[in-house]
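Down below is the structure, laid out as structure tokens.
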Amino acid sequence: MGLRTGPLLCGACAVQPSPLDGAVAGLHYAYPWSTLIAGYKFGGQHGWAGFFAGLLLQTPGTAEVFAGLSPQDWVLPMPLAVQRLQTRGFNQAWELCVELARQTRTPARTDAGLLLRVRHTRPQSQLKRKERLANVKGAFQVDPLRAAELQGRRVVLVDDVMTSGASIYTAAQVLRDAGASHVTAVVLARTAPT
């Protein structure tokens, strides 16, 4: 048996390394959580954000992600397209982001306008993985007047559900391209890999 010098990577990751330094998911996206999350997300039930943040902070590794942040670092939500924001009336990732920052008392800054969704896309849930990657290509952008605020900074990217990872990976790459030194995703729930 030989000495292992680094992490083993799947074929896709060896060809296209992930822009994420890590990811933490609190729950499996399955009943009953899937029903509660859908009610939160599509039913305008903002009040679940505090509960879900507390639940997520009980997941091993989540509190440590926030403990390492400084006042120059960022906790950012996955942004919604304007059309979806108008339909839902709120961004569920932003509500979760605010609650996570509040409950961890992180000194890092939160902001819903630094990472932007600049293109409306089809719902990812209707697409296969390869289609999802193409669907979100060019959908995210850092506010060009504020890109310098990410230089050398750590970023925690918050979302409610991660399925294929296409949206989070694309957003994380945009943050990396803008100069973020470290990007970790914190998601409430993760679907089973297909």
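What are the residues in region 23-36 that are in contact (Cβ under 8 Å) with a residue 24 or more places away in the chain and assigned to a loop (DSSP other than H, G, I, E, B), if any?
Keep residues of region 23-36 that are in contact (Cβ under 8 Å) with a residue 24 or more places away in the chain, which gives 23-30, 33-34.
Within region 23-36, Y29, A30 meet the criteria.
Counting only helices (runs of 4 or more DSSP H) that fall entirely inside region 37-156 and contain at least 1 residues that are at pLDDT below 90 and buried (at least 19 other Cβ atoms within 10 Å of the Cβ), the qualifying elements are 129-136.
The values are calculated or read from the model by the stated rules, or taken from the named source; none is laboratory data. Source: prediction; values computed, not measured. Virtual Cβ from ideal backbone geometry, glycine too; neighbours counted across all protein chains shown.
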